[in-house]
Amino acid sequence: MKIRTFETERYYAKYEFTTPHLLSVSDCETVSIDELLQLGGYSYDEFAKIRLGYTESQGDPLLRARVADGYENVDADHVLILNSPVEGIYLAICSILEPGDEAIIMTPAYDALINLAESISSQVIRWQINLTTTGWQLDLDKLQAVISENTKLIVVNFPHNPSGLLPSEEEFSRLVALANHYGIWLFCDEMYRGLEFSQRATLPSAADLYQRSIVLAGLSKSHGLPGLRAGWLIVRDAELRQQIINWRDYTSICPAAPVEFLARVALDAGENLVQRNNKIIRDNIRLANAFFARWAEMFTWRAPEAGSVALVGISVSSATQYSHQLAKKAGVLLLPAKFMGYDDRHVRFGFGRLSFPSALAAYEEHLEQNENVPAIDS
Ligand SMILES: Cc1ncc(COP(=O)(O)O)c(C=O)c1O
């Protein structure tokens with residue numbers, strides 16, 4: 001199987017560890033293993049005693065039970081512990097889609113959500129979010145218009161990377177009702193769930209609402225632990241779950257034992273980590289509001305409703321060229337929205353890191369120094 005380049009990851013592989021001012025990353029502030037053990041109330045000795053044999057293929061029953069506790073209608077049996085959140089996208093899409101199957105993917109989207117489906121089937125419809133005067137919106141009428149008996153899968157992501165869109169409960173219910181009407185699989189990427197830093201309430205999980213949902217969640221974003229590579233799928237349908245487990249036998253067989261232990265610690269430390277990250281995002285968005293007010297001619301800013309990222313309009317002729325040049329000349333890293341299936345006049349900003357204020361200040365200094373110079377995009 002041939003697959004398109006994973007543009008976002010190739011871009012970060014090139015710049016993330018050599019560019020000092022990261023303004024676009026989607027994860028949140030991380031902690032050390034030591035801090036994590038303390039926050040979760042575990043000792044280093046407990047961690048050091050983990051044995052490094054093969055683990056249970058579906059995941060540690062204690063961890064699966066701990067994950068299931070976070071949902072209303074989910075049992076430990078429905079949970080599959082992954083070796084990384086992104087693995088869950090691969091396993092689910094490969095298990096569900098066959099060549100010629102019709103799928104509808106909310107776009108823009110994290111590359112894997114689009115590229116895997118499009119590499120398997122030529123019948124993939126990109127369902128684009130709308131830009132309105134009040135911000136980003138789902139176009140549910142459009143979804144209703146493109147759904148048919150032939151639709152096998154709908155892929156969504158809430159809170160949304162890269163726009164920060166969070167639908168209302170009514171909109172989400174309508175979407176689930178549409179999937180239910182036709183018995184369509186609903187893959188709901190909930191990697192940013194818990195990052196509701198403003199007044200918006202957390203959306204119910206699709207896992208609690210719909211039997212034919214596949215929910216992806218994990219600890220990379222809300223808990224700030226992307227280096228742990230901890231994530232899980234919730235699959236209530238037993239037959240699909242077995243197909244997904246079968247696919248995983250071909251990728252990684254079983255979860256890593258130290259990761260399963262630390263994931264349990266992180267879930268016990270959960271609220272501390274998540275609340276801390278919500279506060280960091282809230283503080284950074286306050287700075288962003290002021291920054292974008294000062295640079296209103298250069299950017300079109302819509303603050304995110306939830307999550308750690310926002311999609312920002314930028315008045316350059318190519319956001320991709322501009323971002324490469326900016327990284328090289330000013331050491332500031334934005335992410336072109338084109339990589340995620342959007343136009344080349346938008347970039348992603350990310351607000352989850354404590355270094356955001358200094359990165360924003362470095363960018364502003366660069367903008368001030370180059371104010372009368374044409375944008376560095378050629
Ligand atoms: C929407 C979405 N889903 C899944 C992932 C994959 O998470 P991870 O990199 O922790 O595997 C990401 C990562 O950026 C993401 O933004």
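The values are calculated or read from the model by the stated rules, or taken from the named source; none is laboratory data. Just so we're clear, the structure is a prediction, and the values are computed from it rather than from any experiment. Because the Cβ atoms are built from the backbone with ideal geometry, glycine has one as well, and the counts that use them run over all protein chains shown. Just so you know, the surface numbers come from the protein's heavy atoms only, side chains and all, with ligands and any DNA or RNA stripped out. Shrake-Rupley method; radii C 1.70, N 1.55, O 1.52, S 1.80 Å.
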Condition check for residue 54: without any contact (Cβ under 8 Å) to a residue 12 or more places away in the chain, over 24 Å from residue 190 (Cα atoms) and either more than 15 Å from the ligand (Cβ to nearest atom) or loosely packed, with under 15 Cβ neighbours inside 10 Å (or both): no
In segment 17-33, anything β-branched (Val, Ile, Thr), more than 21 Å from residue 292 (Cα to Cα) and touching a Gly at 6+ places or on another chain (Cβ under 6 Å) is listed as 19, 30
Counting only helices (runs of 4 or more DSSP H) entirely within segment 226-320, those with at least 2 residues that are within 24 Å of residue 57 (Cβ to Cβ) are 238-248, 257-268
When residue 264 is run through (1) within 21 Å of residue 31 (Cβ to Cβ); (2) surrounded by fewer than 16 Cβ atoms within 10 Å (Cβ to Cβ); (3) charged (D, E, K, R), the failure sits at (2)
Can you say whether residue 204 is assigned to a helix (DSSP H, G or I) and open to solvent by 20 Å² or more (accessible area, probe 1.4 Å), as far as the supplied structure shows? no
TODO: State whether the residues of segment 331-340 include one that is open to solvent by 10 Å² or more (accessible area, probe 1.4 Å) and closer than 14 Å to residue 108 by Cβ.
DONE: yes
Subset of segment 1-35, residues in contact with a helix residue (DSSP H, G or I) (Cβ under 6 Å, 6 or more places away or on another chain), β-branched (Val, Ile, Thr) and within 15 Å of the ligand (Cβ to nearest atom), comes to 8
Restricting attention to segment 172-201, the residues that are open to solvent by 50 Å² or more (accessible area, probe 1.4 Å) and modelled with pLDDT of 95 or more number exactly 7
**Study point:** residue 277 vs. criteria within 16 Å of the ligand (Cβ to nearest atom) and over 17 Å from residue 85 (Cα atoms)
**Key:** yes
When residue 117 is run through (1) in contact (Cβ under 8 Å) with a residue 60 or more places away in the chain; (2) of a type in the set (A, V, I, L, M); (3) within 14 Å of residue 156 (Cβ to Cβ), the failure sits at (1)
Over segment 226-235, the set of residues closer than 20 Å to residue 65 by Cβ and within 15 Å of the ligand (Cβ to nearest atom) is 228, 230, 231, 232, 233, 234
*Residue within segment 324-334 that is in contact with a strand residue (DSSP E or B) (Cβ under 8 Å, 6 or more places away or on another chain), part of a strand (DSSP E or B) and of a type in the set (A, V, I, L, M) present*: yes
Counted residues in segment 181-195 being away from the ligand (no atom under 16 Å from the Cβ) and either over 21 Å from residue 243 (Cα atoms) or hydrophobic (A, V, I, L, M, F, W, C) (or both) come to 4
Note: among 122, 95, 84, just one is within 18 Å of the chain's Cα centre (by Cα) and either open to solvent by 10 Å² or more (accessible area, probe 1.4 Å) or within 15 Å of the ligand (Cβ to nearest atom) (or both), namely 84
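Residue by residue, here is whether (1) open to solvent by less than 40 Å² (accessible area, probe 1.4 Å); (2) touching a residue at least 12 places away in the same chain (Cβ under 8 Å); (3) within 14 Å of residue 348 (Cα to Cα) holds:
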position	(1), (2), (3)
278	yes, yes, no
282	no, yes, no
291	yes, yes, no
295	yes, yes, no
301	no, yes, yes
305	no, yes, no
311	yes, yes, yes
328	no, no, no
**Asked** Any residue in segment 202-211 that is within 11 Å of the ligand (Cβ to nearest atom) and touching an Asp or Glu at 6+ places or on another chain (Cβ under 9 Å)?
**Response** no
